[in-house]
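Each value in this text was obtained by applying a stated rule to the coordinates, not by laboratory testing. What you see is a predicted model; the values in this text were computed from it and never measured. Positions of Cβ are generated from backbone atoms using ideal geometry, with glycine treated the same way; all protein chains shown enter the neighbour counts.
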Amino acid sequence: MGLKTAQYQAIMREYEKQQMKNHDTLKAHYKKVYETIPEYRSLDDSVSSLSLEHGKRLLEGDKTAVTDLKNKLTAIRLRKEELLTSAGFPSDYLDPVYLCKDCHDTGYIGNDKCHCFKQAIIDLLYEQSNLKGILEEENFEHFSLDLYSSNFVDQKSGRTAKEAAQNAYNAAKYFVSHFDKEFQNLFLLGDVGVGKTFLTNCIAKELIDQGFSVLYMSASGFFTSLANKAFGKDDGNADNIYDLIHTCDLLIIDDLGTEYTNKFVSSQFFTCINERLLSKRSTIISTNLSLDSLADLYTERSFSRITSNYTMIRLFGDDIRLAMKLKKR
């Protein structure tokens, strides 16, 4: 799962296509205006001759040439605006056309990748992982509380599996509806097959559809990407992935605890979640492990940051994946 040179070039080709499309659109706008308002074209044509005329006057020592030219150009601009709106065209009809108004469809703002470029990278990663296909099935529309039992009772909380699922669903919907208003993080705990990944996919689908950048990573892939960056193992994607891990709107780390853990992993994990907390970028983490096991693996410091800044959601019950397969039959 990575961005290679060929894929980077493919993204840039899409920007070039968009720029050509923008050019053609603006050209068509001008053609329509010129056909509808002949005077508008005459005014445009007069600008170059005016500039040439006043340039000669300036060379001949006429000190009023610059001021005179500015006044005439202002009069032309105002007349053009009047003609455009009186003919029923929007006032910005002949402005440059951009799909992304921040980077003007170049992919970059200065030397930094634009948010639209980062989203294009994420889209590529999703295409490679087939996650987009998964999200067509795993979303809120297909979330069913009927898969959870009212007879399965958790001894610690006294709640049924269905009640826990309802609570998790409500928390997920709240997370989505308040995503751009309230900084939140979620931590999903539960045994294998109780619906943690399904719920994170529901959230991912909603936010992607709203235009937010969402990066999904398995825990093993997450730590491999951090290690590649730390140890200079650049396979063409290390810098891109590392940047996205820290800057995407939502980072999803799935199945924490399934990766090999050492001091480096623990340190990188704390650094990442801490930096995202400081920059107020949301994170969702899911795990099959207990809180005590996590504290042993990732140090009390990381454990403290999570318990203090994440909403804990616990799912339990029977393996619903089998129930889902049976339901589709």
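Annotations for the structure displayed:
- Extension reserve of the Asp44-Tyr98 stretch, reckoned as 0.36 nm per residue once the Cα distance is removed: 17.2 nm
- Per principal axis, descending, Cα span of the stretch 235-303 in whole Å: 34, 29, 19
- Extended-chain gain in nm, criterion 0.36 nm per residue less alpha-carbon gap, Ser86 and Ala6: 23.9 nm
- Cysteines in the chain lacking a second Cys C-beta under 4.7 Å: Cys202, Cys248, Cys272
- Helix 196-209 and the longest principal axis of the C-alpha atoms of the chain enclose an angle of approximately 10°.
- Degrees, to the nearest 10: 291-309 long Cα axis against longest axis of the chain: 50 degrees
- Between Asp243 and Ala28, residue separation times 0.36 nm minus the direct Cα-Cα distance comes to 73.5 nm.
- Pairs of alpha carbons in the stretch 170-329 whose separation is greater than 23 Å (percent): 38 percent
- For the stretch 11-24, putting each phi into the Karplus relation 6.51 cos²θ - 1.76 cosθ + 1.60 with θ = phi - 60° gives couplings of 5, 5, 5, 5, 5, 5, 5, 5, 5, 5, 5, 4, 4, 5 Hz, in residue order, rounded to whole numbers and with x for Gly and Pro.
- Estimated [θ] at 222 nm from DSSP helical runs (n ≥ 4, -39500 (n - 2.57)) normalised by residues in the chain, nearest 500: -19500 deg cm²/dmol
- Value of D in µm² per second that Stokes-Einstein yields for the stretch 1-85, Kirkwood Rh from Cα pairs, at 10 °C (1.306 mPa s): 97 µm²/s
- Partners for Lys263 among aspartates and glutamates (Cα-Cα distance below 16 Å; same-chain residues under 8 apart left out): Asp296, Glu300
- Helix 219-230 axis, angle to the chain major axis (alpha carbon atoms, nearest 10°): 60 degrees
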